Amino acid sequence: RDGDNVARAAAFFAGEYRPRSPHERGMLLSAARAYLFNEVLAQRVRDGSWNHIHTGDVMMLAGSHSVFPVAEVDANLRVRVAAHDIHPTGPMWGKGPLMSGGAIARLETDVVGRYPALCAGLEHWDLRQERRNLVLRIGSMEIGAQNEGVRLCFELEAGAYATTVVREISRRHLSTYSTNIDVPG
């Protein structure tokens with residue numbers, strides 16, 4: 001709500017706030033990590049690179065958490081992205097080097113570098129660098145009129161938020177969607 005979890009995480013990292021339980025501490029760590037990921041994703045949405053492959057990207061195999069860095073983009077990788085077999089990822093901040101390289105690594109470090117206290121706090125709590133899909137694949141979507149409103153049904157992968165989907169749908173005209181769509185994750 002209104003970014004208060006991120007603000008509390010920053011206060012926690014600064015020693016100005018003490019979580020009431022291990023669960024709350026975990027929630028604050030997750031909120032800080034998600035915030036940094038979302039800032040990277042927002043930048044890639046603004047520059048149009050969120051759903052395309054670039055040299056230096058780290059790709060995730062669909063349906064798994066297996067990742068691999070891209071030293072050079074070739075036609076095979078472009079085909080795999082178009083087929084939704086692999087997706088670009090963004091950093092879930094923590095200790096250790098970024099897996100990304102080149103311009104993508106610079107973009108990621110520039111964005112998260114705006115939040116040094118969050119980065120340092122996550123590293124202090126021994127979270128490790130991980131990756132998460134930038135693309136949220138939505139399947140089996142149905143939209144229809146129901147009573148005085150609209151009924152929306154869709155399938156999401158574990159860890160995805162329906163609010164993200166509803167936000168993206170509300171930004172676009174509903175008739176442009178097929179049964180499967182991608183939105184920034």
Extend 7 Å from the Cα of GLU123 along its Cα-to-C-beta direction; within the stretch 65-104, residues with backbone N under 12 Å of that point are 94-98
List the residue ranges in the chain for DSSP H helices whose C-alpha atoms run 24 angstrom or more along the long axis and whose Kyte-Doolittle average is -1.0 or above. 22-46
Give the distance, in whole Å, between the Cα centre of the stretch 105-132 and the Cα centre of the stretch 46-61. 18 Å
Of VAL73, GLY101, ALA9, which is farthest towards the positive pole of the chain's charge dipole, taken about the Cα centre with +1 and -1 on the beta-carbons of Lys, Arg and Asp, Glu respectively? ALA9
Residue-level accessible surface for TYR35, protein heavy atoms, 1.4 Å, Å²: 70 Å²
Output the antiparallel fraction of DSSP beta bridges having both residues in the stretch 52-157, as a percent to the nearest 5. 95 percent
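Are there trypsin sites (Lys or Arg not before Pro) in the stretch 88-149 that DSSP puts in a loop and that have at most 13 other Cβ atoms within 10 Å, and which ones? Kindly include the intermediate steps, with their values, before the conclusion.
Values: sites: LYS95, ARG106, ARG114, ARG128, ARG131, ARG132, ARG137; in loops: ARG114.
For trypsin sites (Lys or Arg not before Pro) across the stretch 88-149 that sit outside H, G, I, E and B with at most 13 neighbouring Cβ atoms in 10 Å, the list reads ARG114.
Can you give the helix-only mean residue ellipticity at 222 nm for the chain, where every DSSP H stretch with n ≥ 4 adds -39500 (n - 2.57) and the sum goes over all residues, rounded to the nearest 500 deg cm²/dmol? Write out the running numbers ahead of the final one.
Values: 6 runs with 73 residues, N = 185.
Calculated at 222 nm, the ellipticity per residue is -12500 deg cm²/dmol.
Quick one: which of 79-91, 19-31 comes out on top by average Cβ neighbours within 10 Å, and what's the full order, highest first? If you can, show how the numbers build up before the last one.
Details: 79-91: 18.9, 19-31: 14.0.
Answer by packing, highest mean first, reads 79-91, 19-31.
Report, in debye and to the nearest 20, how large the dipole of the chain comes out about its Cα centre when Lys and Arg carry +1 and Asp and Glu carry -1 on their Cβ.
I would put it at about 280 debye.
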Env charge @ GLU108, Cβ radius under 10 Å, K,R +1 / D,E -1, value 0
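The values are calculated or read from the model by the stated rules, or taken from the named source; none is laboratory data. No experiment lies behind these values; they were computed from the predicted model shown. Note: ideal-geometry Cβ built from the backbone for every residue, glycine included; neighbour counts use all protein chains shown. When the accessible area is computed, the model is the full protein with side chains, heavy atoms only, and any ligands, DNA or RNA have been set aside. Shrake-Rupley method; radii C 1.70, N 1.55, O 1.52, S 1.80 Å.
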